Structure formats: C-alpha cells, structure tokens
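Report on the structure given below.
The values are calculated or read from the model by the stated rules, or taken from the named source; none is laboratory data. Only a predicted model underlies this, so the values are computations on that prediction, with no experimental measurement involved. No Cβ is skipped: glycine too gets one built from the backbone with ideal geometry, and neighbour counts run over all protein chains shown. These area figures cover heavy atoms from the full protein model, side chains too; ligands, DNA and RNA do not enter into them. Shrake-Rupley method; radii C 1.70, N 1.55, O 1.52, S 1.80 Å.
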Amino acid sequence: MDKKIQTAVIVVAIIFSVLVLTSPTDPIPLPEINSNSKSDFVTIIAENLEKPRAIAVSDNRIFVTEKDGLIRVIQNNTLLESPLATLRAADVFDGGLLGIALHPNFSNNHHLYVFLTYDEDGNLWNKILRITESENKLIDAETIFDKIPGSSFTNGGFIKFGPDEKLYVGTGTVSDASHLPQDLNSLSGKILRLNDDGSIPVDNPFSNSPVYSLGHRNPQGMTWDDHGNLFVAEFGPEKNDEINLIQSGKNYGWPEQQCSGNKNFQDAILCYDPSIEPGGILFYSGDALNFESSFIMASMRAANLYQLDFEEGLSSQKSILSGIGRVRDVVEGQDGSLYVITSNTDGKGFPDSMDDKLLRILK
C-alpha cells in the first residue's frame, strides 16, 4: 500500500512540473523587492537576451555582453535590434564574450573594454579588446592584452576600472588540476592590473608584471568599497565559493588552499559550502534604495540577489530579489537604481519563453 501511495505522489508531482514548465503564456509574476520601503519595485527593461554575461551603464544606455559574441545596447529602456558589435567567440561552455567595462572617460572617448575567449589552432585563449563606438556602432576594435590561458569551464572574465582608473581583470585557472595560479610567470588564476592601453602600471606589486594578486580559481565579480578596498567573488569547485579582500601582491591559495587554513596564504573573508555560485558583486553607494547592508551580490545557484555585510558575515545575508531564476550580474545606475541580468539560458537554468532578462530595481 505504501508503494502505491508513493507512486501516486510521484505521478502527481511529474504532472504538476510538466504543467508549470509548458505554460510560458502564464508566467510566475515577479515578486516585490524585499526592502523596508514599500515603494521599491522591479521593472523588466529587456527580454530574450541570449546567455548574457555582464552589464555596463552610462547615461541613457546599458551595454550587455552575450556569451556568443554580441554586445547589445539598451537605450532609453529599449533593446536595440542591431548589436553594437558581433565578435568571434569560442564555443565553449563557460567561455566566450564575458566581461565588459566602460572607460572612466567614456562620454568623451567612447571606449569599451571586453574580455573574449577565442580558439587558435585548437588552443583556448582569452584577450582584452578596446572597442571604440559611435552612436551604437563599432568604429574600431583593438586587442590591448592577449594570451591569457583559456579553458572550457573556468575563464574568470570579469573586468572593471578601479577608483585609481586602472583596469582590473579576473582570470581563471585552465583546470582544477593546474598549478598555474601559483606561477607568477603565468596569467592564469590571477587578478591583473593594467593601464587603459593594456600596458603595465609602474606601481604594480611585481616588477614588469600585470599580476596584482595570485592563487585564484574562477573570479566572477569585483567591487570597491568607499575606502578603496577591492573585493572579489569567485567560484569554488562545487563548494567553497569565496569572497576575498584583495591586497596588492598577496596569494589567495588556489589550488593549495580553499577558503582558509594555510598560513602561507590569505584567508577568504566569506566561504560558501555548499556553493551558491556568486556572480557580480557591488558596493552600493547610492541613496535611492534602502538597504541594511552596502554589499549586493548576484547568485546563480542560489537564484537570488542578496544584500550582506562582508565584515558581519553570512548572518547578515538577506534576499533582495528572488523568483527570477539564476542571477548573473548587478550594477548600480547613475540614479541609484540597480540593474540585474538573469542567467537562465546559460545551460544550467530553466528558462521561460522570455528569458533572459534585464531588470531594474528602483523607486
């Protein structure tokens, strides 16, 4: 009798799942943002993005990279039909067109920077391109940094300009068995620091080297607080995702150490076991939204946008937004709003008919 009941329960569950997954015309409504202010809300700005990876915001435009090689433009809250650029990207699971950053003087020089995985004679590499645009069209594309070892699964790829107007780049290990993240002569598993033309800053910690820190597995997001401290989020291997406070010239242990425990390496300030797959992170500096904690973090596996205080630890972590599936990146708009992209078409999610989406959280 127990087996009959168990079988019936399983059949009902399967039927329910099929009904949910095959009913895109009646999607689950977006939840209200979990905030102290009841006037906060979520707006869908763009839909049907294909494997989006990163966001950059300037004035009335938002730039989104799509993994397969497109730079999409959302202008005045409208997704433009024609991409700004179509780049030849490697067709691998977690590589392609990844990070994007705007030059600090973008409004005058119109320079965008992207991180691209490519295939050359059967070998995977990553490079950084500086793109010049005009009226949402590509004028020029120049490789300013090249030959970062590539991988099918762990390329890192997040890039941002810091408060010092240097370009910071997170690179991944080529495999979990590789010890290149511990090799100062390799670009694998590092945080790199570059001038805006791809040259090496004279005040980098290692002479004539772009390496700023080493011992990283798969950096996915970076941000600076109001004191200029750099924080990086990175994937662990199924567990031990890390939030690291990055210091010039320091070693963060991979693959010799995960999270903490070896006095020769820097300990992570936060460690997630099991994995939540952290994506973009942000130190929120605006006043348009009311958050208890200043750090905002996208999470793919945990399917949430979180606020948390890195110093207080995991006990401070609270959900801002859920119910939209995997969350890949988050950035702050000039008016203090948040822009978020989902990551349901990346091969790990369960996309609906309108995924992926760019959303805005604002008052």
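Within the bounds of the range 348-359, is there any residue that is in contact (Cβ under 8 Å) with a residue 60 or more places away in the chain, among the hydroxyl-bearing types (Ser, Thr, Tyr) and either crowded, with 21+ Cβ neighbours inside 10 Å or within 21 Å of Lys160 (Cβ to Cβ) (or both)? No: the range 348-359 contains no residue that is in contact (Cβ under 8 Å) with a residue 60 or more places away in the chain, among the hydroxyl-bearing types (Ser, Thr, Tyr) and either crowded, with 21+ Cβ neighbours inside 10 Å or within 21 Å of Lys160 (Cβ to Cβ) (or both).
Considering the range 130-203, the qualifying strands (runs of 3 or more DSSP E), each wholly inside and each with 2 or more residues that are charged (D, E, K, R) and either open to solvent by less than 60 Å² (accessible area, probe 1.4 Å) or farther than 15 Å from Leu230 by Cβ (or both), run over 137-149, 190-194. For Asp226, the stated conditions do not hold, so it cannot be described as more than 20 Å from the chain's Cα centre (by Cα), under 11 Å from Leu167 (Cβ atoms) and part of a loop (DSSP other than H, G, I, E, B).
Residues to consider are Glu120, Glu165; find the one that is over 20 Å from Arg53 (Cα atoms) and without any contact (Cβ under 8 Å) to a residue 24 or more places away in the chain. Before the answer, list the steps.
Details: Glu165 fails: without any contact (Cβ under 8 Å) to a residue 24 or more places away in the chain.
On inspection, the qualifying residue turns out to be Glu120.
Those residues that are in a loop (DSSP other than H, G, I, E, B) and out of contact with any Ser or Thr (no Cβ under 8 Å at 6 or more places or on another chain), I need them from the range 295-310; list them, please.
Ala302, Phe310 - these are the residues of the range 295-310 that are in a loop (DSSP other than H, G, I, E, B) and out of contact with any Ser or Thr (no Cβ under 8 Å at 6 or more places or on another chain).
Within the range 316-324, not a single residue is open to solvent by 20 Å² or more (accessible area, probe 1.4 Å) and touching a Gly at 6+ places or on another chain (Cβ under 6 Å).
Filter the range 325-337 for residues that are open to solvent by less than 10 Å² (accessible area, probe 1.4 Å) and within 19 Å of Pro104 (Cα to Cα) and give the result.
To start, the set of residues in the range 325-337 that are open to solvent by less than 10 Å² (accessible area, probe 1.4 Å) comprises 327, 329-330, 333, 336-337.
Result: Val330, Gly333, Gly336.
Does Asn262 fit the bill of being in contact with a Gly (Cβ under 7 Å, 6 or more places away or on another chain) and in a loop (DSSP other than H, G, I, E, B)? Explain how you work it out, then say what you get.
Details: in contact with a Gly (Cβ under 7 Å, 6 or more places away or on another chain): yes; in a loop (DSSP other than H, G, I, E, B): yes.
Criteria met by Asn262.
With respect to the conditions (1) open to solvent by 20 Å² or more (accessible area, probe 1.4 Å); (2) under 21 Å from Arg193 (Cα atoms), Thr86 lacks only one, and its number is (2). The residue of the range 294-310 that is least open to solvent (accessible area, probe 1.4 Å), among those that are over 15 Å from Asn229 (Cβ atoms) and among the hydroxyl-bearing types (Ser, Thr, Tyr), is Ser299. Quickly run through the range 56-69 and pick out the residues that are buried (at least 21 other Cβ atoms within 10 Å of the Cβ), part of a strand (DSSP E or B) and of a type outside the set (Asp, Glu). Selection gives Ala56, Ile62, Phe63, Val64, Thr65.
Among the criteria (1) in contact with a Pro (Cβ under 7 Å, 6 or more places away or on another chain); (2) assigned to a loop (DSSP other than H, G, I, E, B), the one Ser207 does not fulfil is (1).
If only residues of the range 224-258 that are farther than 16 Å from Gln182 by Cα and without any contact (Cβ under 8 Å) to a residue 24 or more places away in the chain are counted, the one that is least open to solvent (accessible area, probe 1.4 Å) is Asn229.
Looking at the range 90-113, is at least one residue at pLDDT 95 or above, surrounded by 11 or more Cβ atoms within 10 Å (Cβ to Cβ), in contact with a strand residue (DSSP E or B) (Cβ under 8 Å, 6 or more places away or on another chain) and within 14 Å of Lys357 (Cα to Cα)? Checking the range 90-113: not a single residue is at pLDDT 95 or above, surrounded by 11 or more Cβ atoms within 10 Å (Cβ to Cβ), in contact with a strand residue (DSSP E or B) (Cβ under 8 Å, 6 or more places away or on another chain) and within 14 Å of Lys357 (Cα to Cα). Number of residues in the range 242-259 that are out of contact with any Cys (no Cβ under 7 Å at 6 or more places or on another chain) and part of a strand (DSSP E or B) equals 5.
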